1. Within the set of pairs 6 or more residues apart or between chains, which connect a residue that is over 15 Å from TYR87 (Cα atoms) and within 6 Å of the ligand (Cβ to nearest atom) inside the stretch 109-131 to a residue that is open to solvent by 20 Å² or more (accessible area, probe 1.4 Å) and among the aromatic types (Phe, Trp, Tyr) with Cβ atoms less than 9 Å apart?
2. Take GLU72 and decide whether it is among the acidic types (Asp, Glu) and either surrounded by 15 or more Cβ atoms within 10 Å (Cβ to Cβ) or farther than 19 Å from LYS129 by Cβ (or both).
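The values are calculated or read from the model by the stated rules, or taken from the named source; none is laboratory data. Only a predicted model underlies this, so the values are computations on that prediction, with no experimental measurement involved. All Cβ positions, even for glycine, are placed from backbone atoms using ideal geometry, and neighbour counts span all protein chains on display. Keep in mind that these areas ignore ligands, DNA and RNA; they rest on the heavy atoms of the full protein, side chains included. Shrake-Rupley method; radii C 1.70, N 1.55, O 1.52, S 1.80 Å.
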Amino acid sequence: MEDKRVTRRDFLLRVGALGLVGLGSSALLSACGGQQQQQAAQPETAPADADTAATASAEFSCTDVSGLTAEEIQMRESLQYTDHSPYPDKTCANCQLFIPAESPNQCGACQLIKGPIHPDGYCTSWVQKVS
Ligand code: SF4
């Protein structure tokens, strides 16, 4: 039969090990939290960058449909897709079906329409983005 008594030394070693794990977890959590705080602080400096990004995004085109089939092009046309929304408050960027690009200066995609989609664009299937 195995002796399951815990010596004082074993106990202190285990508690010490748990303490190190706890410290490691705290450091990790604090590092994650610190990053979140850093991300949360970014919007304070964003307006100038946002203006630049908005200007830059308006300077590129997402109308190249050369890789699409005739049906996909017809779908784009029937939903009246345009790179520049006629409604300031309704753009692809705030549409539920928009798939943003990694950079604000690139065409994104759409869950409904194939091909490049401009963040400032619009089509008749626009749906308010739900956060
Ligand atoms: S559904 Fe229309 S408005 Fe919405 S992202 Fe696609 S193309 Fe833009």
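1. CYS110/TYR81; CYS110/PHE98; ILE113/TYR81; ILE117/TYR81; ILE117/PHE98
2. Yes; evaluated as a whole, the condition is true for this residue.
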